[in-house]
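> Have a look at this one before I ask anything.
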Amino acid sequence: MRWSYLLPRLTLLLLLWAFFFFAFDPLLKWGMIKGIEKGTKAKAEIAVLKTSFLHPSLKIAGLAIGDSKEEYRNLLEFSELSFSAEGAPLLEKKLVVDSASLKGLRFGTPRKTSGKLPLVKEEPSELVDALVAESKGFALERAADVKTDVAADYKVDPAELESVKLAKQLEESYQKDYSDISSRVNAKKYEAGLDAMKARYEKAKGEKNFARQAKDYADIAKEVKKLTADFKKDKDEAEAALAKAKDAFKAVEEARKKDMAAVMAKMKLPSLDTQSIARMLAGPLIAEKTAQAMKWMGLARKYMPANTKGVLKNEARRGREVHFPKENAYPTLLVRRLELTGELGEDPLEYSGTVEGLTTQPQVYGRPTTAVIKGAKGARRLDFKTSVDATGEEIKTASELSYAGMPVAQLQLGSPSSFMVEITNGTGAFEASLKTAGEELSGKAAFRLAGASFKPKADNIKAAPLRSAVESSFAGLSSAVIGAEIAGTIKSPKLAINTDLANALSKAFSGAMGAEVKKAQEAAQKKVDEALKPYRAKLDNMAAAKQAELEGKLKDAEAKVTGAGEKLLKDLTPGKMKLPKFKL
Amino acid sequence: MNPLAIIRQFFQGLTAETTPGQIGAGITLGFLIGLMPKATLTAQLLIVLMMATRVNIPMAILTVFAVSLVNPLLDKITDPMGYALLTSEALRPLWTKLYNMPIAPWTGFNNTVVPGGLVLGALLSAPVYFAGRRFGVFYNEKFRDRVMNSKFVKGLKASWLLDWYFKGAV
């Protein structure tokens, strides 16, 4: 043995201890700061980070993460996060924390130093950009000229219409979907399967051993039933998939409405459609909040565990890792319970709550991650609960938030270039619910304002009667409701906004010069409809033809497969079996 | 592993433990370590074995680097071998037991290239050892004296710092 090698190991152990005692915490702190900065694209600070190895634990104090959008504001900060890990799971490369504590969590706090990172650009949000552009483009200035038959001069180019572009896209995607669905119902595969079973039946018919023949017949019958059931399942799935593909056509109607609003804006005429007015008023604000929420969701999804449930997961740098059943299965990382306290808003509302089942391997843990947060101060009430279920094939989340008695010092709706409402000194109540399943999302939110004063800024409205109608429609107002519904996918969310302020504004428009605007609108609508008509007709005809084609194909295949299957099952009935003759 | 200790053993090994058998054993051990993913307890234990036994360390280290370079190609053999072993019904109780033991998961035994690499390494250990031993004879005849008399080794010998650190072993 090389003793000269073995003896210095003690020195090495000493060095290792010194490394963990003096250098590990600063290195981990540095690594965490860099990781957070990479994820949030803003500066992050950690005041204290302390680890302990004898009783495995971690304590982080004074963490602040800058907001990439606002230089002197923190996205979040907390005063202390601490937890202790269980010893036994560590020996299995697992970090299991029975209870953790996060204290003083606050959002949107001011910071003294800049939180901006050099050479980092915030990616623009399509949703925010589109709604801000729509709000800016909301036209009021030529409302007075509406009688000059402005719609007659305006020409609609079909190539520029969103609805036409969408119809073309849908045509392509429908054809692709159809060929995918159609190829899925491959009748030949089932016919070949039935032929093979027929051959097995013929062979079994000649079998002299009665017991073996009975067993073969039973096996074949079982497989025939399975095959016909599989075919029926495929058929039903194909029909459902085709119906779902056709559902996407509904988006054309939505696009048509937007085209209408865009055409009206280009003609510099106000839209009377309450949806368009609501989008102009509350769109930018809601879109910004939604984009922020989506950003958080995107960040959470980035670190969310994969939903692969299989035994084999390719998660190693080299090779593949094969997992086996565990007697006491621990996920690689699990925080069973996290106690949470913090503050919300400028006049701080203290809240507390718990997060349970935080894990990187929910399939192993088998339970969803849940969070419940509550807070109250005077008339203010905060309730939040969420559940993230990644134990199945797709990740499902359900969240509910309610915040009542919120003070609203100042809120601006609309756009300075078209029309604005300034809301001051009110009280707000916000309620929202959001559900996601895989990429799909759906949710709604409502913000109720009460006891507020509404001050319209209608300087851009040049037509005096319209301006005074708009101003008077807001005069006696003290409450309002702004609602939003979100649907679509996480990558491409669709927002529908409604507010009773839009109704008031629409009434003002209609009252002042509604008839003329409506006439112009009808003319514009006619033009949009005429431009869209051939594309829409083409899409509908193609869908009808393809649906008929698939139905025929499925009917034909069903007749063949079910017919042949039933015949074979009839042949396999015990009555058709030759029973052995016993000489008594 | 302490990098300084490895460097020290490397320089010592240029002139000591250079019998053909020691060179062959060093190459064999290096070959086996080279096949393993290094961030596993298995690889670390093999490194400890390499450092603790009287094998030729420079040859072992050079072999580790050489084999690590061709790992993407060797993985194409070790990965299916390991997968076959890990999914074998006969061995399933053993793997399940290991999987449920403390420490064992640190060995990375459930990574296909670990058992695959160990089996390939074991199968090839004899030919690698004999080839290494022949290389050892060749090295001793042709290169050992040239290495000993090289400016690099002489320079190392002349350095008081290294002389003090290596305690005159070079």
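> Here are the criteria: (1) at pLDDT below 85; (2) crowded, with 20+ Cβ neighbours inside 10 Å. Tell me which single one A:Gln412 does not satisfy.
(2)
> Same structure, new question: If you go through segment A:162-177 one residue at a time, do you hit one that is under 23 Å from A:Lys553 (Cβ atoms), within 29 Å of the chain's Cα centre (by Cα) and free of Cβ contacts under 8 Å to residues at least 12 places away in the same chain?
yes
> Still on this structure, I have one more. Kindly provide the set of residues from segment A:63-74 that are touching a Lys or Arg at 6+ places or on another chain (Cβ under 9 Å) and either assigned to a strand (DSSP E or B) or within 21 Å of A:Leu102 (Cβ to Cβ) (or both), ordered by number.
Correct list: A:Ala64, A:Ile65, A:Gly66, A:Asp67, A:Arg73, A:Asn74.
> Further, regarding this structure: Restricting the first residue to segment A:324-335 and requiring it to be within 10 Å of another protein chain (Cβ to nearest Cβ), which pairs with a second residue that is among the aromatic types (Phe, Trp, Tyr) meet a Cβ separation below 7 Å and a spacing of at least six or different chains?
A:Phe324/B:Trp95; A:Phe324/B:Tyr99; A:Lys326/B:Tyr99
> Continuing with this model, one more query. Please pick out the residue among A:Leu127, A:Leu140, A:Leu131 that is in a loop (DSSP other than H, G, I, E, B), buried (at least 16 other Cβ atoms within 10 Å of the Cβ) and at pLDDT below 75.
A:Leu140
> Taking the residues in segment A:362-387 that are part of a strand (DSSP E or B) and of a type in the set (A, V, I, L, M, F, W, C) as candidates, determine which candidate is farthest from A:Thr436 (Cα to Cα).
A:Ala376
> Could you tell me which residue of segment A:361-404 is surrounded by the fewest Cβ atoms within 10 Å (Cβ to Cβ), considering only residues that are in contact (Cβ under 8 Å) with a residue 60 or more places away in the chain and out of contact with any strand residue (DSSP E or B) (no Cβ under 9 Å at 6 or more places or on another chain)?
The selected residue is A:Glu393.
> Here is a follow-up. Do the conditions hold for A:Glu431, that is, is it modelled with pLDDT under 90 and surrounded by fewer than 17 Cβ atoms within 10 Å (Cβ to Cβ)?
When the stated conditions are applied, A:Glu431 does not pass them.
> Are any residues in segment B:121-151 polar (S, T, N, Q) and exposed (fewer than 13 other Cβ atoms within 10 Å of the Cβ), and if so, which ones?
B:Asn149
> If you scan segment A:174-214, which residues turn out to be over 19 Å from A:Asp571 (Cβ atoms) and either surrounded by 12 or more Cβ atoms within 10 Å (Cβ to Cβ) or touching a His at 6+ places or on another chain (Cβ under 8 Å) (or both)?
A:Tyr174, A:Gln175, A:Asp177, A:Tyr178, A:Asp180, A:Ile181, A:Ser182, A:Arg184, A:Val185, A:Asn186, A:Ala187, A:Lys189
> Can you tell me which residues in segment B:10-46 are under 27 Å from A:Lys93 (Cβ atoms) and either of a type in the set (S, T, N, Q) or modelled with pLDDT under 90 (or both)?
B:Lys38, B:Ala39, B:Thr40, B:Thr42, B:Gln44
> In segment B:111-157, how many residues are polar (S, T, N, Q), more than 14 Å from chain A (Cβ to nearest Cβ) and not in a helix (DSSP H, G or I)?
Of the residues in that region, 2 qualify.
> I need a count of the residues in segment A:206-234 that are in contact with an Asp or Glu (Cβ under 8 Å, 6 or more places away or on another chain) and at pLDDT below 80.
The qualifying residues number 2.
> While we're looking at this one, here's another question. Out of all the residues in segment A:476-495, which are modelled with pLDDT under 85 and surrounded by 15 or more Cβ atoms within 10 Å (Cβ to Cβ)?
A:Leu477, A:Pro493, A:Leu495
> Among the residues of segment A:39-54, write down those that are outside any strand (DSSP E or B) and within 19 Å of A:Glu70 (Cβ to Cβ).
Once the filter is applied, which keeps residues that are outside any strand (DSSP E or B) and within 19 Å of A:Glu70 (Cβ to Cβ), segment A:39-54 yields A:Gly39, A:Thr40, A:Lys41, A:Ala42, A:Lys43.
> Okay, next question. Please specify each residue of segment B:54-85 satisfying the condition of being in contact (Cβ under 8 Å) with a residue 12 or more places away in the chain and out of contact with any Gly (no Cβ under 9 Å at 6 or more places or on another chain).
Once the filter is applied, which keeps residues that are in contact (Cβ under 8 Å) with a residue 12 or more places away in the chain and out of contact with any Gly (no Cβ under 9 Å at 6 or more places or on another chain), segment B:54-85 yields only B:Arg54.
> Next question. Would you check if there is a residue in segment A:407-425 being within 30 Å of A:Ala329 (Cβ to Cβ) and in contact with a Ser or Thr (Cβ under 9 Å, 6 or more places away or on another chain)?
no
> Right, something else. Restricting to segment B:68-81, name every residue that is within 13 Å of chain A (Cβ to nearest Cβ), assigned to a helix (DSSP H, G or I) and closer than 30 Å to B:Gly21 by Cα.
Hits for segment B:68-81 are B:Ser68, B:Asn71, B:Pro72, B:Leu73, B:Leu74, B:Asp75, B:Ile77, B:Thr78, B:Met81.
> Looking only at segment B:82-96, filter to residues that are more than 9 Å from chain A (Cβ to nearest Cβ) and closer than 26 Å to A:Leu90 by Cβ; which one of those is nearest to the chain's Cα centre (by Cα)?
B:Leu94
> Continuing with this model, one more query. Return yes when A:Gly87 is among the small types (Gly, Ala, Ser) and over 23 Å from A:Leu334 (Cα atoms) and no when it is not.
Taking the combined requirement at face value, the residue does not satisfy it.
> Name the residue that is farthest from A:Ala88 (Cα to Cα), counting only residues in segment A:47-73 that are aliphatic (A, V, I, L, M) and surrounded by fewer than 16 Cβ atoms within 10 Å (Cβ to Cβ).
Top of the filtered list is A:Ala47.
> Would you check if A:Ile65 is of a type outside the set (Gly, Ala, Ser), at pLDDT 85 or above and under 24 Å from A:Lys289 (Cβ atoms)?
Yes.
The values are calculated or read from the model by the stated rules, or taken from the named source; none is laboratory data. Given the structure is predicted, the values throughout are model-derived calculations rather than measurements. All Cβ positions, even for glycine, are placed from backbone atoms using ideal geometry, and neighbour counts span all protein chains on display.
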